[in-house]
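Here the structure is laid out as structure tokens; the discussion comes afterwards.
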Amino acid sequence: MTERLAPATITVSAGRPPRDPDAPLNPPVTLASVFVAGGEREYGRYANPTWEAFETVLGELEGGRALAYASGMAAVSTLVDLVAPGGVVVAPQHAYLGTLHLLGSKERRGEVEVRKVDLTDTAATIAACDDAALVWLESPTNPMLEVADLPAIIEGAHAAGARVVVDNTFATPILQRPLDQGADAVVHSATKLLSGHADVLLGAIVTRDPEIHRAVDEQRRMRGAIAGPMEAWLAARGMRTLHLRVDAAQRNARQLAERLGKHAEISRLHDPGWGTMLGIEMTGGVAAAEQLVSSTSLWINATSLGGVESTFERRRRWGSEQATVPEDFIRLSVGVEDADDLWHDLERALDGLPD
Ligand code: PLP
């Protein structure tokens, strides 16, 4: 078959074992540190058939070649470390904290120079790409949910000679395919929506560029930040329903955004208009935010995101969060429960806040 399959078909059909009589329909968990000599795999730090199943599904969804890593941060740091000493990295002012901390610590050691940008300002972001080695993009951003004009920024960054990486964790390839928009590589925390059940830590890099693929594969072999076979299997299993989960959570997020935006206890709604994440600021400030996250019965006060269950947290409870994130900002990860039940749970808690 040569035509490109739809995402719903890829999630269900890709990465299955060959159809030999009595073969399992699903890839088994291969617990093996060593493979018989003479093949491609040889050793468990170089390859594993269960990783390959996960990589096949994700690679086909993003339209590139995927490699699995021990966590999202293992994948992020592998790409950041490809920047030659002294190189300039352009990064969003708001992005996943771990990524910003990694860049900050590399900058303090004199290894890179970091230029922070507001990704919603396309012209300023492109202007900052001058002489940059790497432009790091997230859209929507974590946690402020700003949306970047990816094609324009990627084109501008390339014109300036920079490599572009997009962290596609929040959008997933169901909603956004950065490689089609010109990005050189995509990175994922597969811990989130890809796995989808809050039971796995896993990361991935996807690229069409053979040079980047070779370099990050070499880093994975040398550093050993490899996926566990069980984690890769759980993620591959979770991805079979990725399109359904993203679709359901996105529909819930639309309905909740509509209702949250009208509630008097909410002073500002952060809504990219698509995707499964929302943000709110509270009329009653930090105290109201703290009370809200501890007085619901369905919504769980927890960090991370992208599971089937709805979770939320006040981001500034983390002392390390960016000071530009408002103190009372709550990030909501919308799950796949019934939208009315999710709303009534929130509404009860909001209505219970002191006047
Ligand atoms: N990128 C984004 C956008 C994230 O939200 C996270 C984790 O929250 C990461 C990367 C890091 O992933 P992991 O926690 O799997 O290492």
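Out of all the residues in region 133-144, is one or more at pLDDT 95 or above, surrounded by fewer than 23 Cβ atoms within 10 Å (Cβ to Cβ), more than 30 Å from residue 314 (Cα to Cα) and in contact with a helix residue (DSSP H, G or I) (Cβ under 9 Å, 6 or more places away or on another chain)? No: zero hits. Mind listing whichever residues of region 79-95 are under 20 Å from residue 223 (Cβ atoms) and either within 14 Å of the ligand (Cβ to nearest atom) or in contact with a Leu (Cβ under 7 Å, 6 or more places away or on another chain) (or both)? Matches in region 79-95: 79, 80, 83, 87, 89. For residue 328, the criteria (1) within 16 Å of the ligand (Cβ to nearest atom); (2) more than 30 Å from residue 237 (Cα to Cα) hold in every case but one, which is (1). Taken together, the residues in region 33-56 that are open to solvent by less than 50 Å² (accessible area, probe 1.4 Å), without any contact (Cβ under 8 Å) to a residue 40 or more places away in the chain and among the aromatic types (Phe, Trp, Tyr) amount to 1. Here 87, 156, 59 are screened, and the one residue that is open to solvent by less than 10 Å² (accessible area, probe 1.4 Å) and in contact (Cβ under 8 Å) with a residue 12 or more places away in the chain is 59.
If a residue has to be more than 23 Å from residue 147 (Cα to Cα) and either within 14 Å of the ligand (Cβ to nearest atom) or not acidic (Asp, Glu) (or both) to count, how many in region 200-213 make the cut? Residues flagged as more than 23 Å from residue 147 (Cα to Cα) and either within 14 Å of the ligand (Cβ to nearest atom) or not acidic (Asp, Glu) (or both) within region 200-213 amount to 7.
Being within 16 Å of the ligand (Cβ to nearest atom), assigned to a helix (DSSP H, G or I), within 19 Å of the chain's Cα centre (by Cα) and closer than 24 Å to residue 58 by Cβ is the requirement here; does residue 151 meet it? No: the conditions fail for residue 151.
At least 3 residues being over 17 Å from the mean Cα position of the chain (by Cα) and without any contact (Cβ under 8 Å) to a residue 24 or more places away in the chain is the threshold, and among the helices (runs of 4 or more DSSP H) wholly inside region 227-338 those reaching it are 242-260. A residue that is more than 15 Å from the ligand (Cβ to nearest atom) and farther than 28 Å from residue 249 by Cα can be found somewhere in region 178-189. Does at least one position in region 274-288 carry a residue that is at pLDDT 95 or above, among the hydroxyl-bearing types (Ser, Thr, Tyr), under 20 Å from residue 345 (Cα atoms) and within 14 Å of the ligand (Cβ to nearest atom)? Yes; the residues of region 274-288 include at least one that is at pLDDT 95 or above, among the hydroxyl-bearing types (Ser, Thr, Tyr), under 20 Å from residue 345 (Cα atoms) and within 14 Å of the ligand (Cβ to nearest atom).
Could you please give the count of residues in region 290-305 that are over 22 Å from residue 353 (Cβ atoms) and either in contact with a strand residue (DSSP E or B) (Cβ under 6 Å, 6 or more places away or on another chain) or charged (D, E, K, R) (or both)? Counting residues in region 290-305 that are over 22 Å from residue 353 (Cβ atoms) and either in contact with a strand residue (DSSP E or B) (Cβ under 6 Å, 6 or more places away or on another chain) or charged (D, E, K, R) (or both) gives 2. Filtering region 190-199 to residues that are at negative phi, crowded, with 24+ Cβ neighbours inside 10 Å and either more than 8 Å from the ligand (Cβ to nearest atom) or among the charged types (D, E, K, R) (or both) leaves 193, 194, 195. When region 195-223 is filtered for residues that are in contact (Cβ under 8 Å) with a residue 40 or more places away in the chain and in contact with a helix residue (DSSP H, G or I) (Cβ under 6 Å, 6 or more places away or on another chain), the ones remaining, listed by number, are 195, 196, 197, 202, 203, 204, 205, 206, 207, 216, 219.
Could you go through region 72-79 and let me know if any residue there is open to solvent by 20 Å² or more (accessible area, probe 1.4 Å), in contact with a helix residue (DSSP H, G or I) (Cβ under 8 Å, 6 or more places away or on another chain), in a loop (DSSP other than H, G, I, E, B) and under 26 Å from residue 196 (Cβ atoms). Scanning region 72-79 turns up no residue that is open to solvent by 20 Å² or more (accessible area, probe 1.4 Å), in contact with a helix residue (DSSP H, G or I) (Cβ under 8 Å, 6 or more places away or on another chain), in a loop (DSSP other than H, G, I, E, B) and under 26 Å from residue 196 (Cβ atoms). Scanning region 91-127 for residues that are open to solvent by 20 Å² or more (accessible area, probe 1.4 Å) and assigned to a loop (DSSP other than H, G, I, E, B) yields 93, 96, 109, 110, 111, 118, 120, 121. Among the residues of region 242-258 satisfying the criterion of being closer than 20 Å to residue 313 by Cβ and in contact with a helix residue (DSSP H, G or I) (Cβ under 7 Å, 6 or more places away or on another chain), which is surrounded by the fewest Cβ atoms within 10 Å (Cβ to Cβ)? Per the stated criteria, the residue is 256.
The values are calculated or read from the model by the stated rules, or taken from the named source; none is laboratory data. Keep in mind that what you see is a predicted model, and the values were worked out from it rather than measured. A quick note on method: Cβ atoms are made from the backbone with ideal geometry, for glycine too, and the neighbour counts reach across all protein chains shown. SASA here: full protein model, heavy atoms, side chains in, ligands and nucleic acids out. Shrake-Rupley method; radii C 1.70, N 1.55, O 1.52, S 1.80 Å.
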